[in-house]
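The values are calculated or read from the model by the stated rules, or taken from the named source; none is laboratory data. Because the structure is a prediction, the values reported are computed rather than measured. Cβ coordinates were reconstructed from backbone atoms using ideal geometry, including for glycine residues, and neighbour counts include every protein chain displayed.
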Amino acid sequence: MATIVAGRPFLCLLALLAACGQPAATATATNTVDSSKASASEVRTMTTIEINAGTRKWTAQIADNPSARDFLAQLPLDLTLTDYAATEKIATLPRPLTRDGLPAAVTPRAGEIGYYAPWGNIALYHKDGPHSPGLVILGRIDKPYADLATPGAVKVTIRRHNAPPPASRAPE
């Protein structure tokens, strides 16, 4: 009987150690961005941007990751988006974004904004794209975004939401 009683604390300790190790294994298992499954805390940390093209306007939620923070630091931007592969509109950024600590490759989904490091460009996806090494997801365009599929180049201004447009800033 003494052996069984002495064994109980050992079994409890084993169970406790096994339970403590579980969350760490789960936390390190995911290394990809799936904006459709963002947690409430991730959604709160996102920054809203505006993409203006004449009378058309989209808003987007920019993620909280190193590349996205680099992208936000470049705003406001005036870019000309051109068609690529009948899937996305692309434009070269003024300077490269960091990719520190991010997945080596992702599969973009319609509505996402990505940064393709090999070319140094931003991509606004109006269709799902192929799995792409060197691609980082920066955020997601709020619907509707289907008119991004309209063929042809489009000049856009990208800025933080609620930031005053450059032309309406008060003189200093």
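The test for being free of Cβ contacts under 8 Å to residues at least 12 places away in the same chain, surrounded by 15 or more Cβ atoms within 10 Å (Cβ to Cβ) and either over 26 Å from Pro151 (Cα atoms) or in contact with a strand residue (DSSP E or B) (Cβ under 7 Å, 6 or more places away or on another chain) (or both) does not hold for Arg99.
In segment 32-55 there is no residue matching the filter, namely being within 16 Å of the chain's Cα centre (by Cα), at pLDDT below 95, more than 30 Å from Ala146 (Cβ to Cβ) and not in a helix (DSSP H, G or I).
Pairs are defined by a Cβ separation below 7 Å, a sequence spacing of at least 6 or placement on different chains, a first member in segment 111-130 that is part of a strand (DSSP E or B) and buried (at least 21 other Cβ atoms within 10 Å of the Cβ), and a second member that is at pLDDT below 95 and among the hydrophobic types (A, V, I, L, M, F, W, C); the pairs so defined are Leu124/Leu148. Checked against (1) surrounded by 15 or more Cβ atoms within 10 Å (Cβ to Cβ); (2) in contact (Cβ under 8 Å) with a residue 60 or more places away in the chain, Pro151 passes all but a single condition, namely (1). When restricted to residues that are within 22 Å of Asp128 (Cα to Cα), crowded, with 16+ Cβ neighbours inside 10 Å and hydrophobic (A, V, I, L, M, F, W, C), segment 72-92 contains 3. Residue-level check: of (1) in a loop (DSSP other than H, G, I, E, B); (2) closer than 22 Å to Thr47 by Cα, Ala86 misses just (2).
Against the list (1) modelled with pLDDT of 95 or more; (2) assigned to a loop (DSSP other than H, G, I, E, B), the condition Leu138 fails is (2).
Within segment 119-129, identify whether any single residue is more than 18 Å from Gln74 (Cα to Cα), at pLDDT 95 or above and within 14 Å of the chain's Cα centre (by Cα), and answer yes or no. Yes: one or more hits.
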